[in-house]
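Trainee: Submitted below is the structure of interest, expressed as structure tokens.
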2 protein chains.
Amino acid sequence: MRPLMVLEIHGLLLGSIITTFVRVSKGQAAHNMPTHQYPRSLTETPTSPCTQKAPESLVISDADFQQEDANFLSRSERYDAAVRKSAQMILKLREYGISDPEEIYAYKNCVHRGRPEPLDLHLGMFLPTLLNQATPEQQEAFFMPAWNLEIIGTYAQTEMGHGTFIRGLETTATYDPATQEFVMNSPTISSIKWWPGGLGKTSNHAIVLAQLYTKGICHGLHAFIVPIRSMSTHEPLPGIEVGDIGPKFGFDEVDNGYLKMDNVRIPRMNMLMKYAKVERDGTYQKPPSAKLTYGTMVFIRSMIVGESSRALSKACTIAIRYSSVRHQSELRPGEPEPQILDYQTQQYKLFPLLATAYAFKFVGQYMTETYHRITGDINQGDFSELPELHALSAGLKAFTTWVANGGIEVCRMSCGGHGYSRCSSLPDIYVTFTPTCTYEGENTVMMLQTARYLVKSYRQASTGQQLSGIVSYLNEAHQRLQAQPVSSRPTVVNISDLASLVEAYKLRAAKLVEVAAKSLQGELQKSRSPEDAWNNSSIDLVRASDAHCHYVVVKLFAAKLGEISDTGVHSALSTLALLYALHGVAQNSGDFLQAGLLTVPQLSSVSQRLKDILAQVRTNAVALVDAFDYRDEMLNSVLGRYDGNIYEHMFEWARKSPLNRTEVHESYHKYLKPLQSKL
Amino acid sequence: MRPLMVLEIHGLLLGSIITTFVRVSKGQAAHNMPTHQYPRSLTETPTSPCTQKAPESLVISDADFQQEDANFLSRSERYDAAVRKSAQMILKLREYGISDPEEIYAYKNCVHRGRPEPLDLHLGMFLPTLLNQATPEQQEAFFMPAWNLEIIGTYAQTEMGHGTFIRGLETTATYDPATQEFVMNSPTISSIKWWPGGLGKTSNHAIVLAQLYTKGICHGLHAFIVPIRSMSTHEPLPGIEVGDIGPKFGFDEVDNGYLKMDNVRIPRMNMLMKYAKVERDGTYQKPPSAKLTYGTMVFIRSMIVGESSRALSKACTIAIRYSSVRHQSELRPGEPEPQILDYQTQQYKLFPLLATAYAFKFVGQYMTETYHRITGDINQGDFSELPELHALSAGLKAFTTWVANGGIEVCRMSCGGHGYSRCSSLPDIYVTFTPTCTYEGENTVMMLQTARYLVKSYRQASTGQQLSGIVSYLNEAHQRLQAQPVSSRPTVVNISDLASLVEAYKLRAAKLVEVAAKSLQGELQKSRSPEDAWNNSSIDLVRASDAHCHYVVVKLFAAKLGEISDTGVHSALSTLALLYALHGVAQNSGDFLQAGLLTVPQLSSVSQRLKDILAQVRTNAVALVDAFDYRDEMLNSVLGRYDGNIYEHMFEWARKSPLNRTEVHESYHKYLKPLQSKL
């Protein structure tokens, strides 16, 4: 479902993907060995400046990367500045010989302050796709020119009328054996390629996904390298209409673009033919397998879980620091205005989100580790765990991005009026993050993918099959739920015991998977088609996935505590884990009551316990956000300054506003002055 | 709590406030009769063009108001365009003799497409404050110059370090009897005036709220007219530092500003002295009462409830129309991609919000009617209902803005990738609306104000006092909750009967008010101070307010149905009301289970019933958003077009993007071309 769309929009995961390909290129997956590797200087330099100095320091101290606040620039200026910085970055990476892919990612992230940029898809999609899907001859022709930025490429999949359901794409590539060319067409308005990052103004080539027609038969989607702009003048080539899709909610630096093709002819060798092939005479050869693409998709979704934690932890850092600097109202008559962090309602907004940011951090780490472990297995030919990882990454991508998305806005609004100022950085964090809910698989679709796996597992458990991995609880829960009717089941939860809460989350998930499965079954018994039955149960299915993911998060948070030896850290994180778990119980109390896992009196105890925990967290709250370790230059937020010196810097920032460049704005002379004389 | 801050930021409610003052000026409240009235031509013209032609048509057909899409402009250009349109608007209003305040508001709203604009505070705050708080002599001096826009004013209350708690404001006005002047000062960084709309670049005067000192004594906050820019050159006056506070999340058209005063001397007559006075020798005379300000505050909050409905109904219109045009994925193999509105999950996102938009519309109407009724009473000297209206408007302002705020984002994200494009208008609706959660009383503070009234009423009910008005249910519920322990209470709800659901919402509210009151009591019994007890119970207090407001909304929606005679409309709205009520039960099922108002098996029936209702609403969904009656020109959304012709217009819009003004962006020549030659 919309695989790799994230990378069409920006190349967030550049470094990690390069990691993958470098690993591949080092021979760990010989069957997938590319002809070209990243140039030696880049992968083999033993010590780069980054090993002596963090990339942050390197960038922050570099005069070439100082520039005016992006908030003060028009979109065209922001695009311009981003291209300038990206060009500088490419030169510096080579100058410094920075070679480690993770270092490249860190460096790039610092240069662009975590924002997407116009070359993201060239670096994160175009080059890796060449390595992965091009034949040796194709790599010979395209890789080094692309490496040296003569060819600047993007990856064009999504169309104006087609996103998640990629089989619906309409762009065609029709083979003409007479000239040995493919004829590329955008047959309808809705088939115009839409959204790819860097497509609008930056790229001169695009890898285009199109329906392949040869000998009158459609063979489905394949990838083609299409030159779109002149290598000498950068003007669009004949038959090509290309441009920027216009301003968006955020992503001002990126020229997300459109591409309309009218009988554009490209040579046969421009179809990426490592797997599928079209012979000179037009004979088609099927590819052997699509499993590796599947793996990449899983990997990117796993990475987004970590991104949820980063975005939310930034927002929490800003809001919690500001709340300890801002004073407001009276708690006690005659006393000075207290820090707003002393208000219970403020704590109730922010501390559960702080706990969530930590929880997602650990889940993100788990996903990365699991991915690497399973990739190892896959390289040994063992694909057995891939379906589970696929289901987990889809659901957790949706679960964490939805929660973080809402949480960032809660943080912003907890800062009062100043949270609306761009100097807080909170609006920017939001608009940069919110697309994660949609790209790389729309969240509801993701939840339903996970639900499909859960229902399948539930049915297996019902027939007595022993499940493995994270869904194995469905065996146990099945027996348990069968054995005891709700009313007689003893209450299982000790609300002060994390292990007991993990158990309750598990049983809640099991219950909701059961509800969804039974809804499906009921629909089928009414003689509905499987598709209608699925659609008519989809609210329940999403709920089941949500509960499953929630259980996984609580479980992983609890498991993480076992790895921490420092008693102070252990204590602080245990408190956060309990807060996370109890807050979730309070927010979803209906589920826990309905499943008979909690009693009504226990719910009152949960409320009281939550209040006690908030007071406990208050003591460490600022230290807990400091521990995320964002430098002021990276956080880029006046409200979130480490030194708390907010008001002076807000004033200083405001004075630089473009409207203040002249004391009297020209509109006064143009409109107000003349108006005064007319009235 | 931050009264009138909304108007510092923008003058949304201009027309309505003028209504109020015009009503006053017509002698309906003789004790408050201002010396100046709005000029006769404006209030007495019998037929204006608007009575023959809706203001929408008047504006839409006016060539002077055609202009480039604001999304394509820089902030400075947007400010410039807004000043131009406002200046044009003032001329046209006078030219057409548009006099009815509601027509003025409608006209202004069309001209600026619902966006705030730089003259909002001049029209919506500066002029009315003069009418309301100036002496006859002061009106003589200031009103007509302000009416003729020689004086352009704003209203400066909020400071950088002080918002909601206005007693904490630090700006000083110290009377100097030697010169009969006030000396205005911003003694600290945090005392700099911050946020007032139109202050940055547009205004040459400001009404400044400052702590009045005379004869060495501080008499609290008073209002002063401070000239800030030269009437001839528009340059800042000596001692004044004034400017724009920089870019925000939205509000690009408005020059929200800062003002720092250093020993600025103003004549004694520049203090607004209709109520409080400072004599020549510095003797201070207290004002008689502050009740009218209180009334205005209540009024503005009531108006925001209607604004919640408008913003949410726009977002629903766009999302539901788009969802009936967009096709995606497969429901049945081999069949064409279905409309995404046929997916149950999409219906579950959008239809409860559609029902909410209708619910809030009726609540908004109720608030306006109630306000006018109670204003009538007040003019008769009867203030008895004001506390209830105050509590209701505070809570409903918070309740409706929070729900609408989240709902707009759900609508946006339900549109997939295209919801992120500015051409959808959804990002714009969000950033224009979201400040309502903060201004005119931060939402959590508002909820706590309502809670204070609820707890007070609960205590009265506990001691046997008979309550009147909307909280009278606390009497009944008190008896009921006392009489029956939870376990033996019969289940009260018939989930298909709206009246029965209203009853359940009522009892849920009563229960949560009780929980909050008991928490307070418990804290006090632990010998906490009243302030600490309040703070330690504030989570419960907010929950109680939330449940109270939810009850009020369900109740008013149900009551509205009684007024509808058309059977088709009645049937469609009854379905929506049931959807609204049942969805709320499902979302807050823990509360209903906890209060013993629902059984576990009933909850499953609620889920099933909700699915049935979604399918019912599907039939009328597009008609129900069409009924909100937004013209394409006002909705300004490619996705929400009435004719559904989305893709062609999206392409047309994108082509106009500023990045497409040249085929080759200058950054190519500046950075990419040189880079290619270096690598």
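The values are calculated or read from the model by the stated rules, or taken from the named source; none is laboratory data. From a predicted model like this one, the values you see are computed outputs, not experimental measurements. Cβ coordinates were reconstructed from backbone atoms using ideal geometry, including for glycine residues, and neighbour counts include every protein chain displayed. The area values use the complete protein model at the heavy-atom level, side chains included, leaving out ligands, DNA and RNA. Shrake-Rupley method; radii C 1.70, N 1.55, O 1.52, S 1.80 Å.
Trainee: Pull up the stretch A:178-200, narrow it to residues that are aliphatic (A, V, I, L, M) and touching a Lys or Arg at 6+ places or on another chain (Cβ under 8 Å), then point me to the one that is nearest to the other protein chains (Cβ to nearest Cβ).
Mentor: Result: A:Ile192.
Trainee: Right, next: Here is a list: B:Gly596, B:Gly640, B:Gly590, B:Gly584. Which entry is at positive phi and buried (at least 16 other Cβ atoms within 10 Å of the Cβ)?
Mentor: Being at positive phi and buried (at least 16 other Cβ atoms within 10 Å of the Cβ) holds for just one of B:Gly596, B:Gly640, B:Gly590, B:Gly584, which is B:Gly596.
Trainee: Give me the residue from the stretch B:53-68 that is of a type outside the set (S, T, N, Q) and open to solvent by less than 40 Å² (accessible area, probe 1.4 Å) and, out of that set, nearest to the other protein chains (Cβ to nearest Cβ).
Mentor: Pass one, the stretch B:53-68, residues of a type outside the set (S, T, N, Q): B:53-56, B:58-60, B:62-65, B:68.
Those left that are additionally open to solvent by less than 40 Å² (accessible area, probe 1.4 Å): B:55, B:58-60, B:62, B:65.
Values: B:Pro55: 21, B:Leu58: 20, B:Val59: 18, B:Ile60: 21, B:Asp62: 16, B:Phe65: 14 Å.
Out of the qualifying residues, it is B:Phe65.
Trainee: Look through the stretch B:404-432, keep the residues that are on the phi < 0 side of the Ramachandran plot and in a loop (DSSP other than H, G, I, E, B), and return whichever of them is surrounded by the fewest Cβ atoms within 10 Å (Cβ to Cβ).
Mentor: B:Cys415
Trainee: Now, a different point. Within the stretch B:332-349, does at least one residue satisfy the condition of being among the acidic types (Asp, Glu) and modelled with pLDDT under 95?
Mentor: For the stretch B:332-349, residues among the acidic types (Asp, Glu) and modelled with pLDDT under 95: present.
Trainee: Just one of the numbered conditions (1) open to solvent by 10 Å² or more (accessible area, probe 1.4 Å); (2) in contact (Cβ under 8 Å) with a residue 60 or more places away in the chain is not true of A:Pro287; which one?
Mentor: (2)
Trainee: Here is a follow-up. Do we find a residue being in contact with an Asp or Glu (Cβ under 8 Å, 6 or more places away or on another chain) and farther than 24 Å from B:Asp120 by Cβ anywhere in the stretch B:212-233?
Mentor: no
Trainee: Going through the stretch B:539-571 one residue at a time, which ones are of a type in the set (Gly, Ala, Ser) and open to solvent by 20 Å² or more (accessible area, probe 1.4 Å)?
Mentor: B:Ala558, B:Ala559, B:Gly562, B:Ser565, B:Gly568, B:Ser571
Trainee: Enumerate the pairs (first residue in the stretch A:505-530 and closer than 23 Å to A:Leu578 by Cβ; second residue anywhere and outside any helix (DSSP H, G or I) and open to solvent by less than 30 Å² (accessible area, probe 1.4 Å)) with beta-carbon separation below 7 Å, excluding pairs fewer than 6 apart on the same chain, so at least 6 apart or on different chains.
Mentor: A:Leu507/A:Ala595; A:Leu507/A:Leu597; A:Arg508/A:Ala595; A:Arg508/A:Leu597; A:Lys511/A:Ala595
Trainee: Same structure, new question: Looking at (1) within 14 Å of chain A (Cβ to nearest Cβ); (2) touching a Lys or Arg at 6+ places or on another chain (Cβ under 6 Å); (3) more than 26 Å from A:His649 (Cβ to Cβ), which is the one condition that is false for B:Pro116?
Mentor: Condition (2) is where B:Pro116 drops out.
Trainee: Here is a follow-up. Looking at the stretch A:614-626, is at least one residue within 12 Å of chain B (Cβ to nearest Cβ) and open to solvent by less than 20 Å² (accessible area, probe 1.4 Å)?
Mentor: Yes, that holds for at least one residue.
Trainee: Give the stretch B:99-122 a look and list any residue that's surrounded by 22 or more Cβ atoms within 10 Å (Cβ to Cβ), aliphatic (A, V, I, L, M) and under 17 Å from the mean Cα position of the chain (by Cα), or say none.
Mentor: Result: B:Leu121, single match.
Trainee: Kindly indicate which of A:Asp377, A:Asp382 is in a helix (DSSP H, G or I), acidic (Asp, Glu) and more than 14 Å from every other protein chain (Cβ to nearest Cβ). Break it down stepwise before answering.
Mentor: On the way: A:Asp382 fails: in a helix (DSSP H, G or I).
Every option except A:Asp377 fails the conditions.
Trainee: Being under 29 Å from B:Leu578 (Cβ atoms) and open to solvent by 60 Å² or more (accessible area, probe 1.4 Å) is the filter here; which residues of the stretch B:353-372 pass it?
Mentor: B:Lys361, B:Gln365, B:Tyr366, B:Glu369
Trainee: Which number in (1) farther than 25 Å from A:Leu498 by Cβ; (2) touching a helix residue (DSSP H, G or I) at 6+ places or on another chain (Cβ under 8 Å); (3) within 12 Å of another protein chain (Cβ to nearest Cβ); (4) not polar (S, T, N, Q) marks the one condition that A:Tyr348 misses?
Mentor: Among (1) farther than 25 Å from A:Leu498 by Cβ; (2) touching a helix residue (DSSP H, G or I) at 6+ places or on another chain (Cβ under 8 Å); (3) within 12 Å of another protein chain (Cβ to nearest Cβ); (4) not polar (S, T, N, Q), the lone unmet condition for A:Tyr348 is (1).
Trainee: Would you mind stating whether B:Thr129 is open to solvent by less than 20 Å² (accessible area, probe 1.4 Å), touching a residue at least 60 places away in the same chain (Cβ under 8 Å) and either closer than 25 Å to A:Thr662 by Cβ or within 12 Å of chain A (Cβ to nearest Cβ) (or both)?
Mentor: no
Trainee: Follow-up. Whether any residue in the stretch A:71-80 is open to solvent by 10 Å² or more (accessible area, probe 1.4 Å), in a loop (DSSP other than H, G, I, E, B), within 10 Å of another protein chain (Cβ to nearest Cβ) and within 30 Å of B:Met413 (Cβ to Cβ) is what I want to check. Explain how you work it out, then say what you get.
Mentor: We begin by selecting, within the stretch A:71-80, every residue open to solvent by 10 Å² or more (accessible area, probe 1.4 Å); these are A:71-78, A:80.
Imposing the further condition that a residue be in a loop (DSSP other than H, G, I, E, B) reduces the set to A:73-74.
Next, only the ones that are within 10 Å of another protein chain (Cβ to nearest Cβ) stay: A:73-74.
Applying the additional criterion that residues be within 30 Å of B:Met413 (Cβ to Cβ) yields A:73-74.
Looking through the stretch A:71-80, at least one residue is open to solvent by 10 Å² or more (accessible area, probe 1.4 Å), in a loop (DSSP other than H, G, I, E, B), within 10 Å of another protein chain (Cβ to nearest Cβ) and within 30 Å of B:Met413 (Cβ to Cβ).
Trainee: Exactly one of these conditions fails for B:Leu610: (1) farther than 24 Å from B:Ile318 by Cβ; (2) surrounded by 15 or more Cβ atoms within 10 Å (Cβ to Cβ). Give me its number.
Mentor: All conditions pass for B:Leu610, except number (1).
Trainee: Hey, among A:Leu639, A:Leu635, A:Leu672, which residue is in contact with a Ser or Thr (Cβ under 8 Å, 6 or more places away or on another chain) and closer than 30 Å to B:Pro187 by Cα?
Mentor: Unique residue meeting the criteria: A:Leu639.
Condition check ((1) within 15 Å of B:Thr317 (Cα to Cα); (2) more than 7 Å from chain A (Cβ to nearest Cβ); (3) in contact with a Pro (Cβ under 8 Å, 6 or more places away or on another chain)) across all residues:
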| site | (1), (2), (3) |
| --- | --- |
| B:Asp629 | yes, yes, no |
| B:Leu635 | yes, yes, no |
| B:Val638 | yes, yes, no |
| B:Gly644 | yes, yes, no |
| B:Met650 | no, no, no |
| B:Lys656 | no, yes, no |
| B:Glu663 | no, no, yes |
| B:His669 | no, yes, no |
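Trainee: Scan the stretch B:656-668 and tell me whether some residue there is touching a residue at least 12 places away in the same chain (Cβ under 8 Å), open to solvent by less than 20 Å² (accessible area, probe 1.4 Å) and outside the structural domain of B:Ser74 (by the TED database).
Mentor: Within the stretch B:656-668, one or more residues are touching a residue at least 12 places away in the same chain (Cβ under 8 Å), open to solvent by less than 20 Å² (accessible area, probe 1.4 Å) and outside the structural domain of B:Ser74 (by the TED database).
Trainee: Continuing with the same structure: Can you give me the number of residues within the stretch A:568-590 that are within 8 Å of chain B (Cβ to nearest Cβ) and touching a Lys or Arg at 6+ places or on another chain (Cβ under 9 Å)?
Mentor: Residues meeting the conditions: 1.
Trainee: Looking at B:Tyr96, B:Tyr175, B:Tyr155, which one is away from chain A (no Cβ under 14 Å), aromatic (Phe, Trp, Tyr) and surrounded by fewer than 22 Cβ atoms within 10 Å (Cβ to Cβ)?
Mentor: Testing whether each residue is away from chain A (no Cβ under 14 Å), aromatic (Phe, Trp, Tyr) and surrounded by fewer than 22 Cβ atoms within 10 Å (Cβ to Cβ) leaves just B:Tyr96.
This table checks each residue for (1) buried (at least 23 other Cβ atoms within 10 Å of the Cβ); (2) in contact with a Leu (Cβ under 6 Å, 6 or more places away or on another chain).
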residue	(1), (2)
B:Leu312	yes, no
B:Ile318	yes, yes
B:Gln328	no, no
B:Pro338	no, yes
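Trainee: Continuing with this model, one more query. For the stretch B:98-126, how many residues meet the condition of being part of a helix (DSSP H, G or I) and out of contact with any strand residue (DSSP E or B) (no Cβ under 8 Å at 6 or more places or on another chain)?
Mentor: Here the count works out to 14.
Trainee: Here's a follow-up. What's the number of the only condition in (1) open to solvent by 50 Å² or more (accessible area, probe 1.4 Å); (2) at pLDDT 95 or above; (3) among the basic types (Lys, Arg) that B:Lys678 fails to meet?
Mentor: Looking at each condition in turn, B:Lys678 falls short on (2).
Trainee: Inspect the stretch B:240-261 for any residue being open to solvent by 10 Å² or more (accessible area, probe 1.4 Å), away from every other protein chain (no Cβ under 14 Å) and in contact (Cβ under 8 Å) with a residue 24 or more places away in the chain and give the result as yes or no.
Mentor: no
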